[in-house]
Each structure stands twice: as C-alpha cells, then as structure tokens.
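Asks: Got a structure here, written out as structure tokens. Questions coming.
The values are calculated or read from the model by the stated rules, or taken from the named source; none is laboratory data. All of these numbers come straight from a predicted model, not from anything done at the bench. Here the Cβ is made from the backbone with ideal geometry for all residues, glycine too, and neighbour counts use every protein chain on show. For the accessible areas, the whole protein counts, side chains as well, though only heavy atoms, and no ligand, DNA or RNA atoms are used. Shrake-Rupley method; radii C 1.70, N 1.55, O 1.52, S 1.80 Å.
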Amino acid sequence: MTELRKRGGGGGDPDSTDNISDKEADGDDRLGLQGDAEGEIDADAKADTPDVPLSTADTDNTPQCLNKALEGLPPRWKNYWIRGVLSFAMISGFCLIIYMGPIALILVVMTVQIKCFQEIITIGYRVYHSYELPWFRTLSWYFLICVNYFFYGETLADYFGALVQREEPLQFLARYHRFISFALYLAGFCMFVLSLVKKHYRLQFYMFAWTHVTLLIVVTQSHLVIQNLFEGMIWFIVPISIVICNDIMAYLFGFFFGRTPLIKLSPKKTWEGFIGGFFSTVVFGFILSYLLSQLQYCVCPVGFNSETNSFMVECEPSDIFVIQEYTLPAVVQNTLSWKTVNLYPFQIHSIFLSSFASLIGPFGGFFASGFKRAFKIKDFASTIPGHGGIMDRFDCQYLMATFTHVYIASFIRGPNPSKVLQQLLMLQPEQQLSIFHTLNTHLRERGMLPPAAAQAE
C-alpha cells in the first residue's frame, strides 16, 4: 500500500521494520494488479499516492493551571505527574458512574465506542481527505448506526422481553429486527457501490475495509462489554479495574525500575514493568474480587423490572459468590501449617482474569502501537492530556472484554430461566399451552408433581 507508506519530508523511524522502501512497497502493490491495463495501473497509482502528510495528535491541551503548577520540572517528571493527576480524575469518574447504575454505564460505553470509532476513522480521513472520496465519512457513520442498531436491538430483545411484549411497535421491531438490520446495511452497501469513482477504486475499497475493520474492533467488542454488564456488575467492574491496575503498575515499575526493553513496537515498555504489573494485578484482582463478592449490587445479574420500568439488581447469589472451604495442597499445608482456606470461588476465577489482563492484554496495546507507528503518529488523538486519545486508553480494554465474555460463556454461564421465560412469553398462546402440557407431563414422570388422579381427588 504505497499510499500508506510514502510520506513527505520528515524524520525517519530508526526501527528497520518501519523503513520499507517505496520501491519495495510499489512492488507489493503491483503483484495484485497484473490483470489491469497498463494505462489504468499508472493512472490509479498516480491518483492513489497521497501527497498530504498525516497530521499527528501532538497538541498540548494540558490545563493551564496544571502546566503552571508543574513548571520547572524535567519533562519526564512533568509527564509523570500529569498522567497521575488525570488517572486519578478518570478513576474517580469511573467510580461515580458505577454508583449511578447500569443505564449510566451503558451510555458511557456507547459514548466511548463512538469516540474510539471517530478517532480511527479520522486517521484514514486525514490520509485521504485531499482526494474528496465520495460519501466516505457519511457511509462510515451510517455503517456505525446500522451495526449499533443491530447489537442494541439484540440486547433489547434478550433482556427487555417484558417491555417488548407490552409495546406493540417494539413487538414489530423485535420480530423483524434482523431483517431490518440487514436491509439497512444493504442500503449502505448499495450506496458505496454507487459512489465508486474510476480513478479512486483502490482507495475507496481500502477505506471500505478500514471502516469494517474498525466496526469489528470497536463496536462488536463494545457490545460484549454491555453483555458482560448484564451478567452482573462484577463482570464489568473487575475486568476493567484489573486492566487499569496493570496499566498503572506496569508504568510505575517501568518508570522507577525499568532497564530492559520488552518489545520494539513500544520502546518504553520494559520487562521490569511487565513482571511487576503482573504480580500487582493478580494481588489487586484477588482482593477486589473478595470485596465485591460480598455486595449483592455487584454479583446479581442486571434485570429489568417491567412494573417499575427500571433496572433491578436483586437475586440469590450464585454458588461462585458464596464463600466455600477449600483444602490446600499438601506442600502448602506443610509450609504454612494451614489445612483449609475459605474463599469465594470468584476469587479463583479472578486469578485467570488477572493473568490474562497482565500477560495477554498488553498485546492489545502493542497492536495499537504498531498501528500508530505505521502511520507515524504518537497518539490516536489528544483528548486526554498525558494519555492521548480515548482509544489509547481502551486498546487493552476491548481485548479484555472479549476474553471475559468468552470466559463467562465457557466456564460460568448456565441456562438463564429469565431469558427462557421471556422467549416463552413471545410465543403464540397455543404454543405456550403446548409447552405447558409437555412440561407438566415431564414433571409428573419425574415425581416432582402428584399424578393427575391424585390431584383430582
């Protein structure tokens, strides 16, 4: 992709992986264009080579009061304090939003998703804005609306069945939801085909793929965050908190003790920070899980009360949130003189979550670092002073959310009676009656209900 690699004047990256010659890049492009007419190849290559350098998010939007207070400090320590103050502010805001409840969290997830999508799409637009690609930005946002309509519609049907049954317009939308979603997407697809311009074919297909990959990375995984939230607030709070903890502790260990580089994609990452972050995160996740497992507000699945038209978080805690006694291995018994230990099963699950957040989660950040280096930018945006854009803060969170969702589906979630009931309520009366008789017969055969004759007497 010549247009993504060729740049105007400016300093080169010392890393050999970034110094790919234009000649090699051109050769790669030509491999896929042998069937084109020679004149069209030359015209397309000329039209598709950007001559406008990509602007970077280097604007310093640090509050003046903070700049003035830190004036005179070395840049390294100034950045340390800016990141620290802003991190504390964001964590405080996160706690406040949790206190405000599920609706506030869903709105925040949607806002973050839209901002991350905007940051990534803007990078592509900055590369190609001089070409005036027809409908590029309009179609990008249209596809975002379509995909969100599909995912949030699925959530509405799954978790708000009683509300859907009560409102006739919602019944129609729920019944034909997937068809409507497909029709909306198909309209965008046709608009894209109609917008194709001969001299920009390749660029337009690049950006079409760019938009869809962004939707996959941002929107799909944001939907999984909300799915985790409905399983219980603890499945939302703990994964996000341990990623934040790992990020902070890896930064602190790397800042004070870092000596050994970890990976070329992120030169500032060190093995000392990576290892220190791992152990700190496991301990933090274990303690946080113990505290949250005691709160009904955190452990109960989020449900919707059709009578009060509000969310409810009330239930009998499942077994993983009931403290249990575990027998320690013989080696540990001989070392600590303890035979048993009382734990919440969720604390054991938290060790696996923390290990993933510390060992695999950072690869989400490395992926984002490679993306930024490919486009010669420092950050996705300059929204948060000292941190960059929203996507810079959520690159690991999305990967963690996907793992949490898969973990719940594989090892935690069982049949959900409330979902089954909601689906039954959506059936026709004849179908409901047939299921009732089948269930009644099944329970009598198992001896859980008295025989029909005895019941008649």
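Asks: In the list Ile287, Ile244, which residue meets the criterion of being open to solvent by 20 Å² or more (accessible area, probe 1.4 Å), among the β-branched types (Val, Ile, Thr) and within 23 Å of the chain's Cα centre (by Cα)?
Replies: On the way: Ile287 fails: within 23 Å of the chain's Cα centre (by Cα).
Answer to the selection: Ile244.
Asks: Still on this structure: If I ask for residues that are open to solvent by less than 30 Å² (accessible area, probe 1.4 Å) and either closer than 26 Å to Ala157 by Cα or out of contact with any strand residue (DSSP E or B) (no Cβ under 6 Å at 6 or more places or on another chain) (or both), which ones from segment 251-264 would you list? Full working, then the answer.
Replies: Residues of segment 251-264 open to solvent by less than 30 Å² (accessible area, probe 1.4 Å): 254-255, 258.
Result: Phe255, single match.
Asks: Further question on the same structure: Quick one: count up the residues across segment 175-234 that are under 22 Å from Ala157 (Cα atoms), among the hydroxyl-bearing types (Ser, Thr, Tyr) and in contact (Cβ under 8 Å) with a residue 40 or more places away in the chain.
Replies: Residues that pass the stated criteria total 3.
Asks: Trp141 versus (1) crowded, with 17+ Cβ neighbours inside 10 Å; (2) under 30 Å from Lys378 (Cβ atoms); (3) not basic (Lys, Arg): which is the lone unmet condition?
Replies: (1)
Asks: While we're on this one: Here are the criteria: (1) open to solvent by less than 50 Å² (accessible area, probe 1.4 Å); (2) closer than 25 Å to Ser241 by Cα; (3) among the aliphatic types (A, V, I, L, M); (4) free of Cβ contacts under 8 Å to residues at least 60 places away in the same chain. Tell me which single one Ile348 does not satisfy.
Replies: Checking Ile348 against (1) open to solvent by less than 50 Å² (accessible area, probe 1.4 Å); (2) closer than 25 Å to Ser241 by Cα; (3) among the aliphatic types (A, V, I, L, M); (4) free of Cβ contacts under 8 Å to residues at least 60 places away in the same chain, the one that fails is (1).
Asks: Is it the case, given these coordinates, that Phe205 is under 17 Å from Arg137 (Cβ atoms), among the hydrophobic types (A, V, I, L, M, F, W, C) and assigned to a helix (DSSP H, G or I)?
Replies: On the way: under 17 Å from Arg137 (Cβ atoms): yes; among the hydrophobic types (A, V, I, L, M, F, W, C): yes; assigned to a helix (DSSP H, G or I): yes.
Here the answer is yes, as Phe205 does meet what is asked.
Asks: Please find, within segment 151-188, the residue that is surrounded by the fewest Cβ atoms within 10 Å (Cβ to Cβ) out of those that are over 26 Å from Pro102 (Cβ atoms) and under 25 Å from the mean Cα position of the chain (by Cα).
Replies: Of everything passing the filter in segment 151-188, Phe182 is surrounded by the fewest Cβ atoms within 10 Å (Cβ to Cβ).
Asks: Shifting gears a bit: Among the candidates Val193, Val213, single out the residue that is open to solvent by 40 Å² or more (accessible area, probe 1.4 Å), within 22 Å of Lys372 (Cα to Cα) and assigned to a helix (DSSP H, G or I). If you could, list the steps in order and put the result at the bottom.
Replies: Values: Val193 fails: within 22 Å of Lys372 (Cα to Cα).
Testing whether each residue is open to solvent by 40 Å² or more (accessible area, probe 1.4 Å), within 22 Å of Lys372 (Cα to Cα) and assigned to a helix (DSSP H, G or I) leaves just Val213.
Asks: Moving on to the next point. Name the single residue that is farthest from the chain's Cα centre (by Cα) among those in segment 265-284 being open to solvent by less than 70 Å² (accessible area, probe 1.4 Å) and within 16 Å of Phe255 (Cβ to Cβ).
Replies: Glu272
Asks: May I ask you to verify whether Pro429 is loosely packed, with under 12 Cβ neighbours inside 10 Å, modelled with pLDDT under 90 and either within 21 Å of Asn246 (Cα to Cα) or out of contact with any Ser or Thr (no Cβ under 7 Å at 6 or more places or on another chain) (or both)? Please lay out each step first, then the result.
Replies: On the way: loosely packed, with under 12 Cβ neighbours inside 10 Å: yes; modelled with pLDDT under 90: yes; either within 21 Å of Asn246 (Cα to Cα) or out of contact with any Ser or Thr (no Cβ under 7 Å at 6 or more places or on another chain) (or both): yes.
So Pro429 fits the description; yes.
Asks: In segment 102-131, which residues are of a type in the set (Gly, Ala, Ser) and touching a helix residue (DSSP H, G or I) at 6+ places or on another chain (Cβ under 9 Å)?
Replies: The first filter runs over segment 102-131 and keeps only residues of a type in the set (Gly, Ala, Ser), leaving 104, 124, 130.
Correct list: Ala104, Gly124.
Asks: Any chance segment 220-229 includes a residue that's surrounded by 21 or more Cβ atoms within 10 Å (Cβ to Cβ), within 14 Å of the chain's Cα centre (by Cα) and among the β-branched types (Val, Ile, Thr)?
Replies: So far as segment 220-229 goes, yes, one or more of its residues are surrounded by 21 or more Cβ atoms within 10 Å (Cβ to Cβ), within 14 Å of the chain's Cα centre (by Cα) and among the β-branched types (Val, Ile, Thr).
Asks: Within segment 290-300, count every residue that is farther than 16 Å from Cys95 by Cα and surrounded by fewer than 19 Cβ atoms within 10 Å (Cβ to Cβ). Spell out how you get there, then give the answer.
Replies: Let us first name the residues in segment 290-300 that are farther than 16 Å from Cys95 by Cα, namely 290, 293-294, 296, 299-300.
Those left that are additionally surrounded by fewer than 19 Cβ atoms within 10 Å (Cβ to Cβ): 290, 294, 296.
So the answer is 3.
Asks: Residues of segment 339-359 being within 19 Å of the chain's Cα centre (by Cα) and among the aliphatic types (A, V, I, L, M), which ones?
Replies: If we filter segment 339-359 for residues that are within 19 Å of the chain's Cα centre (by Cα), which is where we start, we get 350, 352-359.
Within segment 339-359, Leu353, Ala357, Leu359 meet the criteria.
Asks: Open to solvent by less than 30 Å² (accessible area, probe 1.4 Å), among the small types (Gly, Ala, Ser), farther than 23 Å from Trp271 by Cα and in contact (Cβ under 8 Å) with a residue 24 or more places away in the chain: which single residue out of Ala357, Ala381, Ala374, Ala368 fits that description?
Replies: It is Ala381.
Asks: Test each condition in (1) in contact with a strand residue (DSSP E or B) (Cβ under 9 Å, 6 or more places away or on another chain); (2) modelled with pLDDT of 90 or more; (3) hydroxyl-bearing (Ser, Thr, Tyr); (4) under 19 Å from Val218 (Cβ atoms) for Tyr344 and report the one that comes out false.
Replies: Evaluating Tyr344 over (1) in contact with a strand residue (DSSP E or B) (Cβ under 9 Å, 6 or more places away or on another chain); (2) modelled with pLDDT of 90 or more; (3) hydroxyl-bearing (Ser, Thr, Tyr); (4) under 19 Å from Val218 (Cβ atoms) leaves (4) as the failure.
Asks: Looking only at segment 399-414, count how many residues are at pLDDT 85 or above and surrounded by fewer than 22 Cβ atoms within 10 Å (Cβ to Cβ). First the steps, then the outcome.
Replies: In the first step, residues of segment 399-414 are kept if they are at pLDDT 85 or above; the result is 399-412.
Narrowing further to those that are surrounded by fewer than 22 Cβ atoms within 10 Å (Cβ to Cβ): 402-403, 405-412.
Matching residues across segment 399-414 total 10.
Asks: Could you check, for segment 111-118, whether at least one of its residues is within 21 Å of the chain's Cα centre (by Cα), over 30 Å from Gly232 (Cβ atoms) and surrounded by 16 or more Cβ atoms within 10 Å (Cβ to Cβ)? Break it down stepwise before answering.
Replies: First, the residues of segment 111-118 that are within 21 Å of the chain's Cα centre (by Cα): 111-118.
Adding the requirement that they be over 30 Å from Gly232 (Cβ atoms) leaves 118.
With surrounded by 16 or more Cβ atoms within 10 Å (Cβ to Cβ) added as a condition, the list becomes 118.
Taking every residue of segment 111-118 in turn, at least one turns out to be within 21 Å of the chain's Cα centre (by Cα), over 30 Å from Gly232 (Cβ atoms) and surrounded by 16 or more Cβ atoms within 10 Å (Cβ to Cβ).
Asks: Go through segment 269-357 and tell me which helices (runs of 4 or more DSSP H), entirely inside it, have 3 or more residues that are among the hydroxyl-bearing types (Ser, Thr, Tyr). Give the steps one after another, and end with the answer.
Replies: Working: elements: 271-292, 296-299, 330-336.
Here the list reads 271-292.
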